[in-house]
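The values are calculated or read from the model by the stated rules, or taken from the named source; none is laboratory data. Just so we're clear, the structure is a prediction, and the values are computed from it rather than from any experiment. Positions of Cβ are generated from backbone atoms using ideal geometry, with glycine treated the same way; all protein chains shown enter the neighbour counts. Protein only, heavy atoms only, side chains kept; ligands, DNA and RNA dropped before computing areas. Shrake-Rupley method; radii C 1.70, N 1.55, O 1.52, S 1.80 Å.
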Amino acid sequence: MKISNPIYVGVIHILCFIIGYVMMQVIFSHSDSRNAYSLINGWWLSLYAGLVIGVNLRCLISALPIAAAGLTVLYINGLGDSLYHNAPTTLSFKLAFVIFMQTAVIVSPVLINCGVGLLAGNKTK
């Protein structure tokens with residue numbers, strides 16, 4: 001299934017990450033390492049979804065601001081402790097750096113899928 005609109009693909013990518021993350025938070029609610037499992041599962045689910053729906057570098061343009069805005073809202077509302085311990089709740093350089101690094105992790109499956117597609121010779125639009 002190929003979706004041509006990069007905004008839809010970016011939204012689907014972020015939603016897959018969120019679904020995978022929340023699913024592991026629920027399943028491993030008793031475990032001390034549920035945050036790590038959740039990040040890994042969300043990452044892998046978005047990587048697989050990107051492979052199925054077909055991603056390209058234009059999708060990265062839509063996924064980056066969606067992920068950054070979502071993380072900013074989480075941290076400012078004080079809900080980001082599961083992603084980063086003692087997370088800052090005010091706008092600061094530390095918050096910007098944390099959001100930048102986590103956004104890079106969240107959207108990295110798009111880059112990996114694009115790179116693998118180029119290496120395999122299956123250039124997607």
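Just a few scattered comments:
- Translational diffusion coefficient (Stokes-Einstein; Kirkwood radius from C-alpha pairs) of the range 1-75 at 10 °C, 1.306 mPa s, in µm²/s: 124 µm²/s
- Rounded tilt (10° steps) of 34-53 against the dominant C-alpha axis of the chain: 20 degrees
- The chain, accessible surface, carbon-and-sulfur percent (1.4 angstrom probe): 73 percent
- A viscosity of 1.567 mPa s and a temperature of 4 °C, combined with the Kirkwood radius over Cα pairs in Stokes-Einstein, give a translational diffusion coefficient for the range 19-125 of 87 µm²/s.
- The label-point distance for residue 22 and residue 44, in a model that sets each label 7 Å from Cα toward Cβ, rounds to 2.1 nm.
- Relative to the longest principal axis of the Cα atoms of the chain, the long axis of helix 93-119 makes an angle of roughly 20 degrees.
- Relative contact order (percent, whole number), the chain, Cα cutoff 8 Å, 6+ residue spacing: 31 percent
- Cα long-axis angle, helix 6-27 against the chain (0 to 90 degrees, to the nearest 10): 50 degrees
- The 3J(HN,Hα) values that the Karplus relation (6.51, -1.76, 1.60; θ = phi - 60°) gives for the range 58-72 are, in residue order, 5, 5, 5, 4, 8, 6, 4, x, 5, 5, 5, 5, x, 5, 4 Hz. Gly and Pro appear as x.
- Modelled spin-label separation between residue 77 and residue 4, with each label point placed 7 Å from Cα along the Cα-to-Cβ direction: 3.5 nm.
- Förster radius 22 Å - calculated FRET efficiency between residue 52 and residue 101, Cβ distance, rounded to 0.05: 0.25
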